[in-house]
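The values are calculated or read from the model by the stated rules, or taken from the named source; none is laboratory data. Note that the structure is a prediction, hence the values are computed from the model and not measured. Here Cβ is always computed from backbone atoms with ideal geometry, including for glycine, and neighbour counts include all displayed protein chains. Note: areas computed on protein heavy atoms with side chains; ligands, DNA, RNA excluded. Shrake-Rupley method; radii C 1.70, N 1.55, O 1.52, S 1.80 Å.
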Amino acid sequence: MKETEKIYYNFLNNLPNTLKHKYFFGIFIYALGIIIDIIIPLIQKNLIDISIENKYVNMTILLLFFSIIILSVLLKKMNSSCFRKLRLKVVEYYYSHAIKKIWYMPKENLTDKGVGYYSNLLISGCQNLGIVIAPQIFSFMFFAVQSLIGLYIVFSWNYFIGIFIIFLMIISVCNTFLFNNHRNKLMNVYRESTDKLTKQNDDYILNIITNRVYSNYYSSTNNLFVEQNNAKQALSKFLSSLEINRLISDSAESVGIMLSLIIALYFVIENKLSYGQLFAVISYCPVILRPFENYVTFLGDITQYGSNIKRYEDAFGNIQNIKDVPLKEQSKYYTDIVSRIEFRNVQVDYQNNMSLSFIIDKPTAIIGISGEGKTTIAKILNKDIYPQNGKIYINDNNFLDIERDFWLGGLLYIGQDVEIFSKDLEYNILVGKKLINKENIECEYIRLRKKLEQYIENNCSLIDDEYDILKSHYGIDNKIDREINDSIKEFITYTNSNIDKIVKRWFSLLYIERQKFDEVVKLLDLNKIDKREYKQNGSTISGGEKQKIGLARFLLKEDFDFFIIDEPFTSMDAILEKKCTRLLLEKISNKPGLIITHKLRIAELLAKTIIIMNNGVIEQIGSIKEIEESNKLYKKLKNSYDKKNI
């Protein structure tokens, strides 16, 4: 019971105050309904007894009886509607939290458990968390009071019937506690088996080509059917437990009410009980036994909620902690041009210590054999992973203290694995932004600047959709809204150029110029896949077409401080690669950024500086000419590359 109380307390503690108020209002309506349920049998008893005694129906009492019945129905309807709406709000609350957590999670964490696992949690998992939105725990207390009052009334009419009903209550209590612990264990076993099955399903689906080529149907699916059978057996045991529990409860109640009726009829025949009291006893029997039935329902729902919230928090963390990174990160902003990136004893969980120090003020390529940590550097600078130890500095600023969305808003990135949405070409390039005609850009700049100045001067709140985008960019969280707003004001009013910078960044988060969009689509020959249905992860387009979409995003992002290029042309043919390399060169010329590639020709064309990594450290930094003349590893790689491309 202590564990149940803890789960329920945590649930209430996690609810926002607005939802708590609605929850307790629903409980209040529920309590009124319970009070009326106590009154109804008493009015019913008086109506019957007075009608029999006077030989006619008392219309006043009859009207009162029907009025109370109607009021009871209305209160139940209000209560049902209240909790239904509240449940939907709670589902939305958990869903929005999960979506925000996914925004901050490293991608490899998402792929580790499988996309299906998180997708299932976002839909059915969040919906199942709403199961606890019902007045169960409070109704148990209300019904307990209701039972005591009903029992007292029955005792005042007939002592023997009261004792018999107490006997029925004892049977209900025994049934409840005997089956509860057993049912909890069976539910946990079922949850564990379904999690294992989900992971096996993801592996089977994501690696279907490998299974077909290197295995056979029976070998590949053997583990699937084993786990599916385990899950089926666990579910069968759990459902059987519920059926047995319900069968005993219903049987005990039915037999109890029938015996109570027989006993009450005996006392009516003996003139020791009136007809009104007989009907009232029949009405009070289920009322008196209801707390234990309700308690069974409550334990089942709270156990299911406890299991669901455990899976939810295993995936997304505690509901109260939105970000995995410290909240202090949300108050750091960056204005300087990136001129130096320094790694000091940086360590991630799958990589040896890297002690790197290098200056970036122009396109810089990192060259090395596989496994040196080149892509790890890109992931860290992309804020997709965080090092366990060590320090990273951007100029003289601690990189981990720079707000994530703020940094990424100024980052230009293209990687070897381009993510594709199951939407049309326009969405895949714009990624939610809007197209704007060239002639409207200046007016929109002026409008946004006035809007920002109004916020600074008048201390107005950031409440509309455009402000939401700006707030997200600066990592504003509702819990620390005032503190962050002050920090932003200090930042954007520091110099007039900062206001220009903010407006330019804000515009780039909202819009892409239509003429440039059309030009890039035509340049990359993307029109031929414009009307195609891409499906999940772009399964209907080729790897080269995916990388062209990634390049289109790269070319159309105007406002950026730094770029990362990580093996962008792995799926392109030589002709297309040459064309796209030229486009990249025009975009990044003299801009600070990192180029990671095994294709030395691309590095030589795009980079002004080459960094050679060997055994996790920087072996040499220099111009292309200097590296070619003096570095043995580079010569070896170039020789291998030249032979490969003969």
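If you check N10, N17 for being open to solvent by less than 70 Å² (accessible area, probe 1.4 Å), out of contact with any Ser or Thr (no Cβ under 8 Å at 6 or more places or on another chain) and at pLDDT below 80, only one passes: N10. Restricting attention to the stretch 78-113, the residues being within 19 Å of I309 (Cβ to Cβ) and in a helix (DSSP H, G or I) number 19.
Scanning the stretch 318-337 for residues that are open to solvent by 50 Å² or more (accessible area, probe 1.4 Å), modelled with pLDDT under 80, of a type outside the set (S, T, Y) and in a strand (DSSP E or B) turns up nothing.
Taken over the stretch 44-82, the criterion of being open to solvent by less than 100 Å² (accessible area, probe 1.4 Å) and acidic (D, E) is satisfied by D49 alone.
I'd like to check something: does the stretch 547-569 contain any residue that is at pLDDT below 85, at negative phi and polar (S, T, N, Q)? No: zero hits. Taking (1) surrounded by 14 or more Cβ atoms within 10 Å (Cβ to Cβ); (2) more than 9 Å from the chain's Cα centre (by Cα); (3) at pLDDT below 80; (4) not hydrophobic (A, V, I, L, M, F, W, C) in turn, Y93 satisfies each apart from (3).
If only residues of the stretch 574-618 that are part of a strand (DSSP E or B) and surrounded by fewer than 17 Cβ atoms within 10 Å (Cβ to Cβ) are counted, the one that is nearest to the chain's Cα centre (by Cα) is V617. Counting the residues of the stretch 359-390 that are over 30 Å from the mean Cα position of the chain (by Cα) and hydroxyl-bearing (S, T, Y) gives 2. Taking S623 and the conditions (1) open to solvent by 70 Å² or more (accessible area, probe 1.4 Å); (2) without any contact (Cβ under 8 Å) to a residue 60 or more places away in the chain; (3) more than 21 Å from T375 (Cα to Cα); (4) not aliphatic (A, V, I, L, M), which numbered condition does it fall short on, given that it satisfies the others? Result: S623 passes all but (1). Whether a residue is open to solvent by 10 Å² or more (accessible area, probe 1.4 Å) and within 26 Å of the chain's Cα centre (by Cα) was assessed, and Y393 does not pass this test. Report every pair of residues separated by at least 6 positions or lying on different chains whose Cβ atoms are under 8 Å apart, first residue within the stretch 534-546 and at positive phi and assigned to a loop (DSSP other than H, G, I, E, B), second modelled with pLDDT of 80 or more and open to solvent by 50 Å² or more (accessible area, probe 1.4 Å). Qualifying pairs under 8 Å: K535/S422.
Flag not set for F267, criterion: of a type outside the set (S, T, Y), at pLDDT 75 or above and closer than 30 Å to K113 by Cβ. When the stretch 229-259 is examined, which residues are found to be open to solvent by less than 20 Å² (accessible area, probe 1.4 Å) and either at pLDDT 75 or above or not in a helix (DSSP H, G or I) (or both)? Selection gives A231, A234, S241.
Looking at K362, K379, K374, just one residue is touching a Lys or Arg at 6+ places or on another chain (Cβ under 6 Å) and of a type outside the set (G, A, S), and that residue is K362. Do you know which residues across the stretch 126-140 are open to solvent by 10 Å² or more (accessible area, probe 1.4 Å) and either of a type in the set (S, T, N, Q) or modelled with pLDDT of 75 or more (or both)? Residues satisfying the conditions are Q127, N128, Q136. For the stretch 362-372, the set of residues classified as under 13 Å from N615 (Cα atoms), surrounded by fewer than 23 Cβ atoms within 10 Å (Cβ to Cβ) and not polar (S, T, N, Q) consists of G368, I369, G371, E372, listed by residue number. Go through (1) modelled with pLDDT of 75 or more; (2) surrounded by 19 or more Cβ atoms within 10 Å (Cβ to Cβ) for F143 and report which single condition fails. Going through the list (1) modelled with pLDDT of 75 or more; (2) surrounded by 19 or more Cβ atoms within 10 Å (Cβ to Cβ), F143 breaks only (1).
Listed here are the residues, each with its yes/no results for (1) at pLDDT below 90; (2) open to solvent by less than 30 Å² (accessible area, probe 1.4 Å); (3) more than 31 Å from the chain's Cα centre (by Cα).
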| site | (1), (2), (3) |
| --- | --- |
| D481 | yes, no, no |
| I484 | yes, yes, no |
| Y494 | yes, no, yes |
| L510 | yes, yes, no |
| R532 | yes, no, no |
| I541 | yes, yes, no |
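The condition of being closer than 20 Å to P286 by Cα and more than 38 Å from the chain's Cα centre (by Cα) holds for only one of D49, D37, that being D37.
Scanning the stretch 436-455 for any residue that is outside any helix (DSSP H, G or I) and at pLDDT 85 or above turns up at least one such residue. Determine if the stretch 388-411 includes at least one residue that is within 25 Å of K599 (Cα to Cα) and either touching a residue at least 24 places away in the same chain (Cβ under 8 Å) or in a strand (DSSP E or B) (or both). Among the residues of the stretch 388-411, at least one is within 25 Å of K599 (Cα to Cα) and either touching a residue at least 24 places away in the same chain (Cβ under 8 Å) or in a strand (DSSP E or B) (or both), which makes the answer yes. Set side by side, the residues I39, I27 differ, and just one is under 30 Å from G276 (Cα atoms) and either open to solvent by 20 Å² or more (accessible area, probe 1.4 Å) or out of contact with any strand residue (DSSP E or B) (no Cβ under 8 Å at 6 or more places or on another chain) (or both), which is I39. The residues of the stretch 547-573 that are of a type in the set (A, V, I, L, M), assigned to a helix (DSSP H, G or I) and touching a residue at least 60 places away in the same chain (Cβ under 8 Å), listed by number, are I549, L551, A552, L556.
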